[in-house]
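The values are calculated or read from the model by the stated rules, or taken from the named source; none is laboratory data. Predicted, not measured: the structure shown is a model, and the values here were computed from it. Cβ: placed from backbone, ideal geometry, glycine included. Neighbour counts: every protein chain shown.
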Amino acid sequence: MSAAKRVSSTAVNWARLAQHTPAQQADAMRSVRSRCETLVAKVNSLPADKPAIDWAHFAKTVPAPGLVDKFRKEYEAFKVPYPRDTEGWHELIDEQQKRQSEILSKSQALLTEVHDAANSYLKTLDEKIPPRDEWTMEMLCLYFPGTLFDANNPDFNRTPNLPEYTEAPNKNRVPGTGLLSKL
Amino acid sequence: MASLASRVFLPKQLSLSARLLHTSRAALAIPKGPEREEFIDQGSAKILKSMEAWKEQTKTGLSSVTERFERLHEIYYGKDRDFTNYPPVKMQPHMPKVRLGILPDSWFQAFYNKTGVLGPYILALGVPTFLISKEYWVLDPEGMVLLVSVPALIAFVKKYGQRIKEMEAKKANELDESVIVRPIEAAKDSGRDLVRLTESQLQSFPIVFEEAFKAKREILDLQLEEEYRRRLAEVARTVERRMTYHVELAAAKKSFQQQHLVQWVLDGVTKSITPQQEKEAIQQCIRELRALAPKAA
């Protein structure tokens with residue numbers, strides 16, 4: 001692994017990430033962020049370089065001659081090995097990113113398709129509709145098939161779907177048993 | 001005591017590298033085989049499939065409406081529509097102009113060129129006069145109801161006409177809106193919502209992707225950094241402990257020697273005290289006490 005020592009702070013723009021995560025992934029994002037921040041705190045609490053030892057004090061108090069010198073030389077010469085990524089997590093993350101970026105590009109293509117379809121839909125609704133005072137029954141039947149104004153609908157041309165028509169007494173009427181049938 | 005000392009187990013003095021190896025944690029094992037595939041995938045293939053299904057569904061829904069509206073617009077307002085001979089019939093917001101509440105203004109306009117402004121009024125006056133005078137219109141007692149019914153009707157219309165007109169206009173407007181205006185507006189709102197949603201997702205997803213992977217790599221690197229710093233601290237701690245041990249050892253030796261010497265000196269002194277010296281010392285003490293006693297009293 002590279003001997004690049006990462007400084008103990010986050011390079012991730014958490015505010016930006018929090019702003020752009022969708023609502024259902026906010027919890028996951030928060031847990032990642034807390035994990036990162038506990039790690040940063042832990043790293044900051046530990047020494048960054050080889051901690052200094054008070055050799056002068058030991059030189060005065062330790063009676064054995066040359067012992068302090070020997071230890072000092074060894075301590076300064078000792079190279080602490082930087083831990084290596086033995087399992088290969090970095091490669092795994094690289095692979096994951098490659099795969100996810102392919103899927104991301106595909107999903108972006110899908111989203112642009114839907115975006116364009118929605119825009120053309122809005123354009124049609126803005127332009128290709130008759131003005132309010134030029135609507136006819138025929139137009140209603142053709143523009144909105146399957147609704148109240150469709151000849152195939154059994155409720156065709158009955159009372160409209162307004163409260164004053166659907167509430168009692170019309171609500172409980174039985175068609176074919178009105179006053180006209182009793183004449 | 002030698003056998004007891006021989007049973008004390010002292011820890012083996014490890015070299016620094018060996019000590020570091022001894023105190024390091026083992027790395028978390030990466031997933032292998034199908035679990036590795038799952039880890040790389042993170043369920044994204046399924047999500048992509050569902051997204052494709054959503055896209056298909058949305059597109060068919062939107063395009064069915066779009067195609068229908070375009071086709072019908074072409075029929076009603078397209079190039080084959082004859083606007084000169086068949087102009088579109090518009091719903092008038094107000095009724096045509098009327099005079100005296102019931103007579104259309106167009107009738108008066110038709111007379112205007114030939115008879116001027118007063119023409120229709122004179123006709124309205126002259127025709128009943130002619131009919132009455134020639135007894136075509138017999139004014140019998142039953143006809144007197146006109147004297148009451150016509151004013152009554154006029155009064156009713158004058159009093160309630162506006163109110164009734166407003167009520168009916170409101171009903172008609174409500175119907176018109178509920179059937180034409182509101183559905184179209186709802187459709188437009190849903191279209192705008194969809195546009196906004198897709199735009200925000202198009203913008204956000206790459207950002208989240210990039211930042212999330214930065215965070216992942218950062219967590220790995222921070223863990224390595226933490227381990228490195230723990231090793232540094234461990235090395236320093238070990239060396240200091242050895243030094244402190246030597247310091248403590250020397251101090252312990254010195255204090256033992258001091259104590260032993262002091263004890264030896266004291267033992268010597270106490271041994272060298274003869275009984276004669278003791279008696280003399282006691283006598284001296286008693287004399288001194290006697291000398292002090294009168295002073296205290």
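Details
- The residues on offer are B:187, B:233, and the sole one that is without any contact (Cβ under 8 Å) to a residue 12 or more places away in the chain and within 7 Å of another protein chain (Cβ to nearest Cβ) is B:233.
- Qualifying position, being facing another protein chain (nearest Cβ under 8 Å), within 29 Å of residue B:234 (Cβ to Cβ) and assigned to a loop (DSSP other than H, G, I, E, B), among A:42, A:50: A:50
- Checked against the criterion of being within 52 Å of the chain's Cα centre (by Cα) and either part of a helix (DSSP H, G or I) or free of Cβ contacts under 8 Å to residues at least 12 places away in the same chain (or both), the candidates A:84, A:72, A:99 yield just one match: A:99.
- Qualifying residues in the range B:66-113 (those that are part of a loop (DSSP other than H, G, I, E, B) and polar (S, T, N, Q)) - the one nearest to the chain's Cα centre (by Cα): B:92
- Qualifying positions in the range B:198-215 - surrounded by fewer than 17 Cβ atoms within 10 Å (Cβ to Cβ) and charged (D, E, K, R): B:199, B:214
- Considering the conditions (1) within 30 Å of residue B:53 (Cβ to Cβ); (2) modelled with pLDDT of 85 or more; (3) more than 7 Å from every other protein chain (Cβ to nearest Cβ), residue A:152 is excluded by exactly one of them, (2).
- Residue satisfying condition, being at the interface with chain B (Cβ under 8 Å from one of its Cβ atoms), surrounded by 15 or more Cβ atoms within 10 Å (Cβ to Cβ) and either over 30 Å from residue B:31 (Cβ atoms) or out of contact with any Pro (no Cβ under 8 Å at 6 or more places or on another chain) (or both), within set A:104, A:111: A:111
- Among the residues here, residue A:64 does not qualify as in contact (Cβ under 8 Å) with a residue 24 or more places away in the chain, in a loop (DSSP other than H, G, I, E, B) and touching a helix residue (DSSP H, G or I) at 6+ places or on another chain (Cβ under 8 Å).
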